[in-house]
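The next block holds one structure in the form of structure tokens; read it before the comments.
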Amino acid sequence: MSAIKGLNTKPEILIRRMLHARGFRYRLKNKHLPGNPDLVFPRYSAAIFVHGCFWHVHECPVFRWPSTRTEWWKEKLLGNKTRDEKNLERLLDSEWRVCIVWECSLKGKYKLNEESLADQISSWLGSDRQFLILEGKKS
């Protein structure tokens with residue numbers, strides 16, 4: 001698992017390029033915030049997480065439980081999910097706004113249109129909404 005990238009993943013870079021092209025400036029991986037968000041917008045008190053559907057147990061058509069070592073994987077992945085929920089709660093309690101962009105919204109047959117995705121995130125950053133989830137089309 002040491003070969004799994006946690007920084008500068010393709011989905012993360014795609015979001016960064018889209019937002020930078022629209023004039024948004026951000027910080028990467030603020031280790032002082034719960035959950036170490038992928039993108040942090042201090043000006044907007046907003047944080048964006050780009051979650052992989054497998055590693056964060058997103059119940060979407062892309063996610064499948066591994067067929068080997070099932071108990072170990074279940075414990076590992078559900079631990080990730082629990083930690084994500086706690087970090088999300090801590091961020092919202094400290095008055096940060098949070099957006100979660102799921103991997104399935106960025107690639108594969110369920111992905112959303114990039115322009116639409118960028119519009120939704122830009123709109124959310126300019127609003128006062130506390131929370132946004134972007135996930136792939138399920139049908």
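Key figures
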item	result
Residue identified as out of contact with any Phe, Trp or Tyr (no Cβ under 8 Å at 6 or more places or on another chain), surrounded by fewer than 17 Cβ atoms within 10 Å (Cβ to Cβ) and more than 17 Å from Phe131 (Cβ to Cβ) among Glu114, Glu85	Glu114
Answer from Gly35, Gly136, Gly52 - the residue that is surrounded by 11 or more Cβ atoms within 10 Å (Cβ to Cβ), on the phi > 0 side of the Ramachandran plot and at pLDDT below 95	Gly35
Pair list, Cβ under 8 Å, 6 or more apart: segment 111-126 residue farther than 12 Å from Arg22 by Cβ, other residue of a type outside the set (Val, Ile, Thr) and part of a helix (DSSP H, G or I)	Lys111/Cys104; Lys111/Ser105; Leu112/Ser105
Residues within segment 61-82 that are in contact (Cβ under 8 Å) with a residue 24 or more places away in the chain and touching a helix residue (DSSP H, G or I) at 6+ places or on another chain (Cβ under 7 Å), tallied	1
Segment 80-130: number of residues that are assigned to a loop (DSSP other than H, G, I, E, B) and either under 14 Å from the mean Cα position of the chain (by Cα) or farther than 14 Å from Gly35 by Cβ (or both)	13
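The values are calculated or read from the model by the stated rules, or taken from the named source; none is laboratory data. Computed from a predicted model, the values in this text were never measured in an experiment. All Cβ positions, glycine included, derive from the backbone under ideal geometry; neighbour counts span all protein chains shown.
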